[in-house]
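The values are calculated or read from the model by the stated rules, or taken from the named source; none is laboratory data. A quick note: this is a predicted structure, and the numbers were derived from the prediction, not measured. Don't worry about glycine lacking a Cβ; one is built from the backbone with ideal geometry, like all the others, and counts go over all protein chains shown.
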(Lines give C-alpha, C1' and ligand atoms only; values in the text may rest on other atoms or scores of the structure.)
Protein backbone atom coordinates (compact mmCIF):
# COMPACT_ATOMS: atom_id res chain seq x y z
CA UNK A 1 0.00 0.00 0.00
CA UNK A 2 1.06 3.56 -0.64
CA UNK A 3 2.68 5.53 2.15
CA UNK A 4 4.11 9.02 2.55
CA UNK A 5 7.75 9.48 1.60
CA UNK A 6 10.34 8.95 4.32
CA UNK A 7 11.19 12.05 6.29
CA UNK A 8 8.27 14.14 5.06
CA UNK A 9 6.82 16.36 7.72
CA UNK A 10 3.12 16.20 8.34
CA UNK A 11 0.45 17.62 10.64
CA UNK A 12 -2.49 16.05 12.40
CA UNK A 13 -5.45 18.40 12.30
CA UNK A 14 -8.89 18.04 13.86
CA UNK A 15 -11.91 19.33 11.91
CA UNK A 16 -15.64 19.62 12.62
CA UNK A 17 -15.09 20.17 16.34
CA UNK A 18 -12.95 17.06 16.50
CA UNK A 19 -15.34 14.74 14.66
CA UNK A 20 -12.69 13.87 12.10
CA UNK A 21 -8.94 14.10 11.82
CA UNK A 22 -6.66 14.63 8.87
CA UNK A 23 -3.05 13.53 8.55
CA UNK A 24 -1.64 15.76 5.84
CA UNK A 25 1.61 17.25 4.54
CA UNK A 26 2.90 20.12 6.65
CA UNK A 27 3.55 22.28 3.61
CA UNK A 28 2.27 22.87 0.12
CA UNK A 29 -0.95 23.19 -1.81
CA UNK A 30 -2.11 19.72 -0.80
CA UNK A 31 -3.39 20.97 2.54
CA UNK A 32 -7.14 20.90 3.03
CA UNK A 33 -9.05 23.99 3.99
CA UNK A 34 -12.35 25.74 3.74
CA UNK A 35 -12.93 24.58 0.13
CA UNK A 36 -13.08 20.96 1.28
CA UNK A 37 -15.50 21.69 4.11
CA UNK A 38 -17.79 23.83 1.94
CA UNK A 39 -17.87 21.15 -0.77
CA UNK A 40 -18.65 18.39 1.76
CA UNK A 41 -21.53 20.53 3.06
CA UNK A 42 -23.27 20.07 -0.33
CA UNK A 43 -24.30 16.59 0.81
CA UNK A 44 -27.59 16.60 2.78
CA UNK A 45 -27.15 15.50 6.39
CA UNK A 46 -29.71 12.73 5.85
CA UNK A 47 -27.91 11.32 2.81
CA UNK A 48 -27.71 7.52 2.77
CA UNK A 49 -25.64 5.60 0.22
CA UNK A 50 -22.19 5.67 -1.31
CA UNK A 51 -20.44 9.03 -1.69
CA UNK A 52 -17.29 9.02 -3.84
CA UNK A 53 -14.63 11.70 -3.30
CA UNK A 54 -12.75 12.28 -6.60
CA UNK A 55 -9.19 13.51 -6.08
CA UNK A 56 -9.53 12.93 -2.36
CA UNK A 57 -6.04 13.97 -1.30
CA UNK A 58 -5.63 13.22 2.41
CA UNK A 59 -9.37 12.60 2.63
CA UNK A 60 -10.82 15.89 3.89
CA UNK A 61 -14.00 16.00 1.78
CA UNK A 62 -14.88 12.34 2.20
CA UNK A 63 -14.17 12.31 5.93
CA UNK A 64 -16.25 15.47 6.38
CA UNK A 65 -19.17 13.74 4.62
CA UNK A 66 -18.73 10.64 6.78
CA UNK A 67 -18.62 12.78 9.93
CA UNK A 68 -21.76 14.78 9.14
CA UNK A 69 -23.85 12.07 7.41
CA UNK A 70 -24.13 9.02 9.69
CA UNK A 71 -25.78 6.92 6.96
CA UNK A 72 -23.16 7.62 4.30
CA UNK A 73 -20.43 5.27 3.21
CA UNK A 74 -17.50 6.94 1.48
CA UNK A 75 -14.94 5.96 -1.14
CA UNK A 76 -11.84 8.16 -1.36
CA UNK A 77 -10.28 8.06 -4.85
CA UNK A 78 -6.78 9.48 -5.21
CA UNK A 79 -4.22 8.80 -7.94
CA UNK A 80 -1.15 10.20 -6.17
CA UNK A 81 0.64 7.51 -4.17
CA UNK A 82 1.93 10.18 -1.85
CA UNK A 83 -1.46 11.70 -1.08
CA UNK A 84 -3.10 8.27 -0.85
CA UNK A 85 -0.50 7.50 1.79
CA UNK A 86 -1.77 10.43 3.82
CA UNK A 87 -5.37 9.32 3.30
CA UNK A 88 -4.39 5.88 4.57
CA UNK A 89 -2.81 7.39 7.65
CA UNK A 90 -5.87 9.55 8.17
CA UNK A 91 -8.11 6.47 8.11
CA UNK A 92 -5.84 4.66 10.53
CA UNK A 93 -5.77 7.57 12.98
CA UNK A 94 -7.60 7.06 16.26
CA UNK A 95 -9.44 10.36 15.69
CA UNK A 96 -11.39 8.69 12.88
CA UNK A 97 -12.07 5.46 14.76
CA UNK A 98 -15.86 5.80 14.67
CA UNK A 99 -15.89 6.74 10.97
CA UNK A 100 -13.22 4.57 9.44
CA UNK A 101 -15.47 1.53 9.06
CA UNK A 102 -17.59 3.51 6.60
CA UNK A 103 -14.68 4.94 4.59
CA UNK A 104 -12.46 3.15 2.08
CA UNK A 105 -9.62 4.22 -0.19
CA UNK A 106 -8.94 3.50 -3.85
CA UNK A 107 -5.70 4.54 -5.56
CA UNK A 108 -6.90 5.30 -9.08
CA UNK A 109 -6.97 8.08 -11.64
CA UNK A 110 -10.48 9.47 -12.09
CA UNK A 111 -9.74 10.51 -15.69
CA UNK A 112 -9.58 6.90 -16.84
CA UNK A 113 -12.39 5.89 -19.16
CA UNK A 114 -14.21 2.77 -20.30
CA UNK A 115 -12.75 -0.60 -19.39
CA UNK A 116 -9.64 0.93 -17.80
CA UNK A 117 -11.80 2.88 -15.35
CA UNK A 118 -13.81 -0.19 -14.40
CA UNK A 119 -10.66 -2.27 -13.97
CA UNK A 120 -9.20 0.43 -11.75
CA UNK A 121 -12.12 -0.13 -9.38
CA UNK A 122 -14.54 2.64 -10.44
CA UNK A 123 -17.64 0.65 -11.33
CA UNK A 124 -20.44 1.98 -13.52
CA UNK A 125 -23.65 2.94 -11.70
CA UNK A 126 -22.19 2.20 -8.29
CA UNK A 127 -22.32 5.63 -6.58
CA UNK A 128 -25.09 7.77 -5.10
CA UNK A 129 -23.03 10.95 -4.86
CA UNK A 130 -19.77 12.14 -6.40
CA UNK A 131 -17.84 15.07 -4.94
CA UNK A 132 -14.95 16.79 -6.66
CA UNK A 133 -12.54 19.64 -6.15
CA UNK A 134 -10.60 19.32 -9.41
CA UNK A 135 -6.88 19.86 -8.84
CA UNK A 136 -6.28 22.71 -11.24
CA UNK A 137 -8.53 24.89 -9.12
CA UNK A 138 -5.81 25.65 -6.67
CA UNK A 139 -2.89 24.92 -8.96
CA UNK A 140 -1.58 22.37 -6.48
CA UNK A 141 1.45 20.60 -7.73
CA UNK A 142 2.04 16.90 -7.99
CA UNK A 143 4.59 14.80 -6.20
CA UNK A 144 6.71 13.46 -9.01
CA UNK A 145 7.93 14.76 -12.35
CA UNK A 146 6.04 11.93 -14.08
CA UNK A 147 2.81 12.90 -12.39
CA UNK A 148 3.45 16.53 -13.18
CA UNK A 149 3.88 15.69 -16.83
CA UNK A 150 0.69 13.71 -16.79
CA UNK A 151 -1.06 16.63 -15.10
CA UNK A 152 -0.02 18.87 -17.95
CA UNK A 153 -2.07 16.73 -20.30
CA UNK A 154 -5.19 17.45 -18.32
CA UNK A 155 -5.34 21.03 -19.43
CA UNK A 156 -7.93 23.46 -18.07
CA UNK A 157 -9.95 22.76 -21.17
CA UNK A 158 -10.30 19.09 -20.36
CA UNK A 159 -10.44 18.70 -16.61
CA UNK A 160 -14.18 19.18 -16.18
CA UNK A 161 -14.95 17.16 -19.29
CA UNK A 162 -12.94 14.17 -18.12
CA UNK A 163 -13.88 14.32 -14.44
CA UNK A 164 -17.58 14.79 -15.18
CA UNK A 165 -17.49 11.97 -17.74
CA UNK A 166 -16.23 9.60 -15.03
CA UNK A 167 -18.67 10.96 -12.46
CA UNK A 168 -21.57 10.40 -14.85
CA UNK A 169 -20.39 6.85 -15.53
CA UNK A 170 -20.12 5.71 -11.93
CA UNK A 171 -23.28 7.40 -10.65
CA UNK A 172 -26.58 5.59 -10.44
CA UNK A 173 -29.47 7.22 -12.33
CA UNK A 174 -30.60 10.30 -10.35
CA UNK A 175 -27.38 10.14 -8.37
CA UNK A 176 -25.90 13.50 -7.51
CA UNK A 177 -22.77 15.46 -8.23
CA UNK A 178 -21.23 18.33 -6.28
CA UNK A 179 -18.13 20.25 -7.28
CA UNK A 180 -16.30 23.33 -6.12
CA UNK A 181 -14.53 25.55 -8.64
CA UNK A 182 -13.65 29.09 -9.55
CA UNK A 183 -16.54 31.14 -10.96
CA UNK A 184 -14.63 31.56 -14.23
CA UNK A 185 -14.82 27.80 -14.74
CA UNK A 186 -18.58 28.03 -15.40
CA UNK A 187 -17.58 28.32 -19.07
CA UNK A 188 -16.20 24.79 -18.90
CA UNK A 189 -18.51 23.28 -16.31
CA UNK A 190 -21.86 24.01 -17.96
CA UNK A 191 -20.92 22.47 -21.34
CA UNK A 192 -19.37 19.45 -19.60
CA UNK A 193 -22.59 18.93 -17.62
CA UNK A 194 -24.87 19.12 -20.65
CA UNK A 195 -26.42 15.77 -21.50
CA UNK A 196 -25.12 14.26 -18.26
CA UNK A 197 -26.31 16.37 -15.35
CA UNK A 198 -29.15 18.79 -14.79
CA UNK A 199 -31.41 20.41 -12.19
CA UNK A 200 -28.20 22.20 -11.30
CA UNK A 201 -28.02 24.48 -8.29
CA UNK A 202 -25.17 26.95 -7.87
CA UNK A 203 -24.09 28.56 -4.60
CA UNK A 204 -21.64 31.46 -5.02
CA UNK A 205 -19.04 31.60 -2.23
CA UNK A 206 -17.78 35.08 -1.34
CA UNK A 207 -14.95 35.92 1.05
CA UNK A 208 -17.09 38.91 2.06
CA UNK A 209 -20.44 40.36 1.01
CA UNK A 210 -18.94 43.28 -0.87
CA UNK A 211 -16.48 41.24 -2.95
CA UNK A 212 -16.92 39.06 -6.05
CA UNK A 213 -17.33 35.34 -5.47
CA UNK A 214 -14.11 33.36 -5.05
CA UNK A 215 -15.71 29.95 -5.58
CA UNK A 216 -18.90 28.33 -6.75
CA UNK A 217 -20.38 25.07 -5.56
CA UNK A 218 -22.44 23.35 -8.25
CA UNK A 219 -24.76 20.51 -7.33
CA UNK A 220 -26.62 18.58 -10.01
CA UNK A 221 -28.57 15.40 -10.72
CA UNK A 222 -27.46 12.61 -13.08
CA UNK A 223 -29.87 12.30 -16.02
CA UNK A 224 -31.76 15.54 -15.32
CA UNK A 225 -31.60 18.65 -17.51
CA UNK A 226 -30.83 22.34 -17.22
CA UNK A 227 -30.02 24.79 -14.49
CA UNK A 228 -32.60 25.13 -11.81
CA UNK A 229 -31.30 27.66 -9.32
CA UNK A 230 -28.70 30.28 -8.59
CA UNK A 231 -28.91 30.08 -4.81
CA UNK A 232 -28.30 32.76 -2.19
CA UNK A 233 -24.54 33.13 -1.75
CA UNK A 234 -22.44 31.97 1.18
CA UNK A 235 -20.46 34.81 2.70
CA UNK A 236 -17.42 33.43 4.53
CA UNK A 237 -16.46 36.52 6.48
CA UNK A 238 -18.17 39.54 8.01
CA UNK A 239 -17.19 42.71 6.22
CA UNK A 240 -16.85 44.58 9.51
CA UNK A 241 -14.25 42.53 11.36
CA UNK A 242 -13.36 39.64 8.99
CA UNK A 243 -14.64 37.05 11.50
CA UNK A 244 -16.49 34.02 10.11
CA UNK A 245 -20.17 34.60 9.44
CA UNK A 246 -22.46 32.38 11.55
CA UNK A 247 -23.30 30.29 8.48
CA UNK A 248 -19.63 29.78 7.53
CA UNK A 249 -18.86 28.92 11.14
CA UNK A 250 -21.62 26.29 11.16
CA UNK A 251 -20.35 24.78 7.89
CA UNK A 252 -16.80 24.84 9.24
CA UNK A 253 -18.05 22.98 12.31
CA UNK A 254 -19.92 20.36 10.27
CA UNK A 255 -23.23 21.55 11.68
CA UNK A 256 -24.92 22.99 8.58
CA UNK A 257 -25.43 21.97 4.98
CA UNK A 258 -24.77 24.33 2.10
CA UNK A 259 -28.16 23.89 0.41
CA UNK A 260 -30.22 23.87 3.59
CA UNK A 261 -30.95 20.14 3.38
CA UNK B 1 -43.99 56.31 -38.73
CA UNK B 2 -45.44 53.59 -36.55
CA UNK B 3 -48.14 54.41 -34.06
CA UNK B 4 -50.19 52.50 -31.50
CA UNK B 5 -53.41 50.89 -32.71
CA UNK B 6 -56.56 52.97 -32.54
CA UNK B 7 -58.47 52.66 -29.32
CA UNK B 8 -55.71 50.91 -27.37
CA UNK B 9 -55.52 52.03 -23.76
CA UNK B 10 -52.20 53.21 -22.43
CA UNK B 11 -50.62 54.64 -19.30
CA UNK B 12 -48.14 57.44 -18.75
CA UNK B 13 -45.70 56.48 -16.03
CA UNK B 14 -42.89 58.48 -14.47
CA UNK B 15 -39.68 56.68 -13.52
CA UNK B 16 -36.44 57.65 -11.78
CA UNK B 17 -38.19 60.24 -9.60
CA UNK B 18 -39.72 61.82 -12.69
CA UNK B 19 -36.54 62.07 -14.73
CA UNK B 20 -38.10 60.08 -17.57
CA UNK B 21 -41.59 59.11 -18.66
CA UNK B 22 -42.93 56.08 -20.45
CA UNK B 23 -46.03 55.88 -22.60
CA UNK B 24 -46.92 52.20 -22.63
CA UNK B 25 -49.83 49.79 -23.08
CA UNK B 26 -52.15 49.64 -20.10
CA UNK B 27 -52.16 45.85 -20.08
CA UNK B 28 -50.00 42.91 -21.01
CA UNK B 29 -46.46 41.68 -20.80
CA UNK B 30 -45.11 44.68 -22.71
CA UNK B 31 -45.12 46.85 -19.62
CA UNK B 32 -41.73 47.87 -18.28
CA UNK B 33 -40.74 47.15 -14.71
CA UNK B 34 -37.85 46.49 -12.42
CA UNK B 35 -36.02 44.34 -15.03
CA UNK B 36 -35.62 47.36 -17.29
CA UNK B 37 -34.34 49.61 -14.51
CA UNK B 38 -31.88 47.00 -13.22
CA UNK B 39 -30.55 46.38 -16.73
CA UNK B 40 -30.14 50.10 -17.42
CA UNK B 41 -28.17 50.38 -14.16
CA UNK B 42 -25.45 48.21 -15.72
CA UNK B 43 -24.23 51.29 -17.62
CA UNK B 44 -21.75 53.38 -15.60
CA UNK B 45 -23.07 56.84 -14.76
CA UNK B 46 -20.05 58.38 -16.47
CA UNK B 47 -20.59 56.48 -19.73
CA UNK B 48 -20.14 58.61 -22.85
CA UNK B 49 -21.01 57.34 -26.32
CA UNK B 50 -23.80 55.50 -28.11
CA UNK B 51 -25.88 52.99 -26.15
CA UNK B 52 -28.18 50.78 -28.22
CA UNK B 53 -31.28 49.24 -26.61
CA UNK B 54 -32.13 45.95 -28.40
CA UNK B 55 -35.84 45.12 -28.24
CA UNK B 56 -36.55 48.49 -26.69
CA UNK B 57 -40.32 48.18 -26.39
CA UNK B 58 -41.71 51.54 -25.21
CA UNK B 59 -38.14 52.65 -24.44
CA UNK B 60 -37.72 52.02 -20.71
CA UNK B 61 -34.11 50.75 -20.74
CA UNK B 62 -32.81 53.34 -23.19
CA UNK B 63 -34.59 56.25 -21.51
CA UNK B 64 -33.31 55.13 -18.11
CA UNK B 65 -29.75 55.16 -19.52
CA UNK B 66 -30.30 58.61 -21.04
CA UNK B 67 -31.72 59.88 -17.74
CA UNK B 68 -28.85 58.63 -15.57
CA UNK B 69 -25.92 59.11 -17.99
CA UNK B 70 -25.83 62.73 -19.18
CA UNK B 71 -23.13 62.02 -21.78
CA UNK B 72 -24.91 59.06 -23.37
CA UNK B 73 -26.75 59.09 -26.67
CA UNK B 74 -29.25 56.28 -27.10
CA UNK B 75 -30.69 54.32 -30.00
CA UNK B 76 -33.90 52.39 -29.31
CA UNK B 77 -34.30 49.40 -31.65
CA UNK B 78 -37.71 47.73 -31.77
CA UNK B 79 -39.17 45.52 -34.47
CA UNK B 80 -42.81 45.65 -33.40
CA UNK B 81 -44.66 48.53 -35.07
CA UNK B 82 -47.03 48.65 -32.13
CA UNK B 83 -44.33 48.94 -29.49
CA UNK B 84 -42.28 51.34 -31.63
CA UNK B 85 -45.39 53.49 -31.67
CA UNK B 86 -45.31 53.66 -27.90
CA UNK B 87 -41.60 54.45 -27.95
CA UNK B 88 -42.33 57.28 -30.37
CA UNK B 89 -45.00 58.64 -28.07
CA UNK B 90 -42.62 58.30 -25.12
CA UNK B 91 -39.99 60.35 -26.95
CA UNK B 92 -42.57 63.01 -27.86
CA UNK B 93 -43.83 63.30 -24.29
CA UNK B 94 -43.02 66.51 -22.44
CA UNK B 95 -41.68 64.45 -19.53
CA UNK B 96 -38.71 63.46 -21.72
CA UNK B 97 -38.10 66.93 -23.13
CA UNK B 98 -34.59 67.27 -21.75
CA UNK B 99 -33.60 63.76 -22.88
CA UNK B 100 -35.28 63.38 -26.23
CA UNK B 101 -32.55 65.14 -28.17
CA UNK B 102 -30.14 62.37 -27.19
CA UNK B 103 -32.50 59.47 -27.98
CA UNK B 104 -33.53 58.13 -31.38
CA UNK B 105 -35.71 55.25 -32.54
CA UNK B 106 -35.12 52.59 -35.20
CA UNK B 107 -37.80 50.11 -36.24
CA UNK B 108 -35.74 47.03 -37.05
CA UNK B 109 -35.36 43.39 -36.12
CA UNK B 110 -32.14 42.77 -34.17
CA UNK B 111 -31.93 39.17 -35.39
CA UNK B 112 -31.15 40.30 -38.93
CA UNK B 113 -27.63 39.47 -40.09
CA UNK B 114 -25.08 40.63 -42.62
CA UNK B 115 -26.17 43.07 -45.29
CA UNK B 116 -29.82 42.96 -44.19
CA UNK B 117 -28.85 44.15 -40.72
CA UNK B 118 -26.74 47.00 -42.09
CA UNK B 119 -29.49 48.03 -44.49
CA UNK B 120 -31.99 48.04 -41.63
CA UNK B 121 -29.86 50.73 -39.98
CA UNK B 122 -27.73 48.68 -37.58
CA UNK B 123 -24.22 49.59 -38.67
CA UNK B 124 -21.15 47.53 -37.86
CA UNK B 125 -18.83 48.95 -35.18
CA UNK B 126 -21.12 51.88 -34.47
CA UNK B 127 -22.07 51.31 -30.81
CA UNK B 128 -20.27 51.71 -27.50
CA UNK B 129 -22.80 49.76 -25.44
CA UNK B 130 -25.59 47.31 -26.27
CA UNK B 131 -28.32 46.51 -23.76
CA UNK B 132 -30.80 43.68 -24.14
CA UNK B 133 -33.67 42.06 -22.32
CA UNK B 134 -34.48 39.34 -24.84
CA UNK B 135 -38.24 38.90 -25.25
CA UNK B 136 -38.53 35.25 -24.35
CA UNK B 137 -37.38 36.07 -20.84
CA UNK B 138 -40.81 37.17 -19.76
CA UNK B 139 -42.77 35.29 -22.40
CA UNK B 140 -44.31 38.53 -23.55
CA UNK B 141 -46.53 38.05 -26.53
CA UNK B 142 -46.45 39.88 -29.82
CA UNK B 143 -49.03 42.14 -31.32
CA UNK B 144 -49.98 40.35 -34.50
CA UNK B 145 -50.31 36.72 -35.55
CA UNK B 146 -47.56 37.30 -38.12
CA UNK B 147 -45.21 38.56 -35.47
CA UNK B 148 -46.16 35.72 -33.19
CA UNK B 149 -45.33 33.23 -35.91
CA UNK B 150 -42.02 34.91 -36.49
CA UNK B 151 -41.33 34.85 -32.75
CA UNK B 152 -41.81 31.10 -32.76
CA UNK B 153 -38.82 30.78 -35.06
CA UNK B 154 -36.61 32.41 -32.51
CA UNK B 155 -36.68 29.45 -30.19
CA UNK B 156 -35.05 29.57 -26.75
CA UNK B 157 -32.09 27.78 -28.27
CA UNK B 158 -31.42 30.58 -30.72
CA UNK B 159 -32.35 33.85 -29.07
CA UNK B 160 -29.03 34.52 -27.33
CA UNK B 161 -27.02 33.30 -30.29
CA UNK B 162 -28.80 35.65 -32.72
CA UNK B 163 -29.05 38.66 -30.44
CA UNK B 164 -25.42 38.38 -29.32
CA UNK B 165 -24.27 37.93 -32.91
CA UNK B 166 -25.88 41.25 -33.80
CA UNK B 167 -24.60 42.95 -30.65
CA UNK B 168 -21.06 41.81 -31.45
CA UNK B 169 -21.37 43.11 -35.00
CA UNK B 170 -22.54 46.61 -34.15
CA UNK B 171 -20.22 47.17 -31.19
CA UNK B 172 -16.89 48.90 -31.53
CA UNK B 173 -13.87 46.91 -30.31
CA UNK B 174 -13.92 46.92 -26.47
CA UNK B 175 -17.53 48.09 -26.58
CA UNK B 176 -19.71 46.63 -23.88
CA UNK B 177 -22.75 44.42 -23.64
CA UNK B 178 -25.27 44.10 -20.80
CA UNK B 179 -28.19 41.68 -20.71
CA UNK B 180 -30.76 40.56 -18.19
CA UNK B 181 -32.03 36.99 -18.24
CA UNK B 182 -33.16 34.10 -16.14
CA UNK B 183 -30.34 32.24 -14.34
CA UNK B 184 -31.23 29.07 -16.25
CA UNK B 185 -30.27 30.85 -19.48
CA UNK B 186 -26.59 30.79 -18.49
CA UNK B 187 -26.45 27.51 -20.43
CA UNK B 188 -27.24 29.44 -23.60
CA UNK B 189 -25.59 32.76 -22.79
CA UNK B 190 -22.07 31.55 -22.03
CA UNK B 191 -21.66 29.57 -25.28
CA UNK B 192 -23.16 32.45 -27.28
CA UNK B 193 -20.65 34.86 -25.71
CA UNK B 194 -17.64 32.68 -26.42
CA UNK B 195 -15.37 34.16 -29.07
CA UNK B 196 -17.32 37.43 -29.01
CA UNK B 197 -17.42 38.75 -25.46
CA UNK B 198 -15.32 38.26 -22.37
CA UNK B 199 -14.26 39.78 -19.05
CA UNK B 200 -17.84 38.96 -18.13
CA UNK B 201 -19.29 40.05 -14.82
CA UNK B 202 -22.50 38.51 -13.48
CA UNK B 203 -24.76 40.04 -10.85
CA UNK B 204 -27.41 37.66 -9.48
CA UNK B 205 -30.72 39.38 -8.73
CA UNK B 206 -32.74 37.92 -5.86
CA UNK B 207 -36.26 38.90 -4.84
CA UNK B 208 -35.06 38.34 -1.27
CA UNK B 209 -31.84 37.20 0.39
CA UNK B 210 -33.15 33.77 1.32
CA UNK B 211 -34.49 32.88 -2.14
CA UNK B 212 -32.76 31.71 -5.34
CA UNK B 213 -31.95 34.37 -7.92
CA UNK B 214 -34.78 35.32 -10.28
CA UNK B 215 -32.57 37.11 -12.79
CA UNK B 216 -28.94 37.60 -13.72
CA UNK B 217 -27.39 40.67 -15.28
CA UNK B 218 -24.35 39.83 -17.40
CA UNK B 219 -21.98 42.56 -18.51
CA UNK B 220 -19.11 41.82 -20.87
CA UNK B 221 -16.55 43.38 -23.18
CA UNK B 222 -16.41 42.90 -26.95
CA UNK B 223 -13.23 41.12 -27.99
CA UNK B 224 -12.19 40.11 -24.46
CA UNK B 225 -12.16 36.55 -23.12
CA UNK B 226 -13.59 34.54 -20.25
CA UNK B 227 -15.58 35.19 -17.13
CA UNK B 228 -14.02 37.59 -14.70
CA UNK B 229 -16.42 37.94 -11.79
CA UNK B 230 -19.50 36.60 -10.10
CA UNK B 231 -20.43 39.78 -8.26
CA UNK B 232 -22.24 40.26 -4.95
CA UNK B 233 -25.97 39.80 -5.57
CA UNK B 234 -28.63 42.49 -5.65
CA UNK B 235 -31.42 41.76 -3.20
CA UNK B 236 -34.60 43.54 -4.30
CA UNK B 237 -36.62 43.19 -1.10
CA UNK B 238 -35.96 42.95 2.61
CA UNK B 239 -36.84 39.52 3.94
CA UNK B 240 -38.47 41.04 7.03
CA UNK B 241 -41.14 43.30 5.50
CA UNK B 242 -40.79 42.92 1.72
CA UNK B 243 -39.92 46.60 1.30
CA UNK B 244 -37.26 47.52 -1.26
CA UNK B 245 -33.71 47.24 -0.01
CA UNK B 246 -31.83 50.57 0.00
CA UNK B 247 -29.76 49.42 -3.00
CA UNK B 248 -32.82 48.39 -5.02
CA UNK B 249 -34.51 51.67 -4.09
CA UNK B 250 -31.49 53.62 -5.35
CA UNK B 251 -31.44 51.66 -8.63
CA UNK B 252 -35.18 52.14 -8.97
CA UNK B 253 -34.64 55.87 -8.51
CA UNK B 254 -31.82 56.01 -11.08
CA UNK B 255 -29.35 56.99 -8.39
CA UNK B 256 -27.08 53.95 -8.34
CA UNK B 257 -25.33 51.72 -10.84
CA UNK B 258 -25.46 47.95 -10.61
CA UNK B 259 -21.70 47.39 -10.79
CA UNK B 260 -20.73 50.27 -8.54
CA UNK B 261 -19.35 52.35 -11.41
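Can you report the number of residues in the stretch A:215-229 which are in contact with a helix residue (DSSP H, G or I) (Cβ under 8 Å, 6 or more places away or on another chain) and at pLDDT 95 or above?
Count: 6.
If a residue has to be outside any loop (DSSP other than H, G, I, E, B) and farther than 17 Å from residue A:13 by Cα to count, how many in the stretch A:85-121 make the cut?
Going through the stretch A:85-121 one residue at a time, the tally reaches 13.
What number goes with the only condition from (1) under 22 Å from residue A:257 (Cα atoms); (2) within 20 Å of the chain's Cα centre (by Cα); (3) within 11 Å of chain B (Cβ to nearest Cβ) that residue A:188 does not pass?
(1)
If you go through the stretch A:204-253, how many residues are out of contact with any strand residue (DSSP E or B) (no Cβ under 7 Å at 6 or more places or on another chain) and in a loop (DSSP other than H, G, I, E, B)?
7
Each row is one residue, and each column tells you yes or no for (1) closer than 18 Å to residue A:226 by Cα; (2) facing chain A (nearest Cβ under 7 Å).
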site	(1), (2)
B:173	no, no
B:176	no, no
B:184	yes, yes
B:197	no, no
B:202	no, no
B:212	yes, yes
B:223	no, no
B:229	no, yes
B:241	no, no
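Consider residue B:157 carefully, then state whether it is away from every other protein chain (no Cβ under 11 Å), loosely packed, with under 15 Cβ neighbours inside 10 Å, in contact with a helix residue (DSSP H, G or I) (Cβ under 8 Å, 6 or more places away or on another chain) and at pLDDT below 95.
So residue B:157 passes the test.
Looking at B:76, B:22 in this structure, which one is part of a strand (DSSP E or B) and touching a residue at least 40 places away in the same chain (Cβ under 8 Å)?
B:22
Report, by residue number, each residue of the stretch B:37-54 that is surrounded by 23 or more Cβ atoms within 10 Å (Cβ to Cβ) and not in a helix (DSSP H, G or I).
B:41, B:42, B:43, B:51, B:52, B:53, B:54 - these are the residues of the stretch B:37-54 that are surrounded by 23 or more Cβ atoms within 10 Å (Cβ to Cβ) and not in a helix (DSSP H, G or I).
Checking residue B:219 against (1) within 12 Å of chain A (Cβ to nearest Cβ); (2) buried (at least 16 other Cβ atoms within 10 Å of the Cβ): exactly one of these is not met. Which one?
It is condition (1) that residue B:219 fails.
Tally time: how many residues in the stretch A:80-91 are in contact with a helix residue (DSSP H, G or I) (Cβ under 8 Å, 6 or more places away or on another chain) and in contact (Cβ under 8 Å) with a residue 60 or more places away in the chain?
Within the stretch A:80-91, residues that are in contact with a helix residue (DSSP H, G or I) (Cβ under 8 Å, 6 or more places away or on another chain) and in contact (Cβ under 8 Å) with a residue 60 or more places away in the chain number 2.
Residues that are more than 17 Å from the chain's Cα centre (by Cα), closer than 22 Å to residue A:214 by Cα, buried (at least 16 other Cβ atoms within 10 Å of the Cβ) and modelled with pLDDT of 95 or more: does the stretch B:236-258 have at least one?
Within the stretch B:236-258, not a single residue is more than 17 Å from the chain's Cα centre (by Cα), closer than 22 Å to residue A:214 by Cα, buried (at least 16 other Cβ atoms within 10 Å of the Cβ) and modelled with pLDDT of 95 or more.
Give the number of residues within the stretch B:179-203 that are out of contact with any helix residue (DSSP H, G or I) (no Cβ under 6 Å at 6 or more places or on another chain) and part of a strand (DSSP E or B).
Total meeting the criteria: 8.
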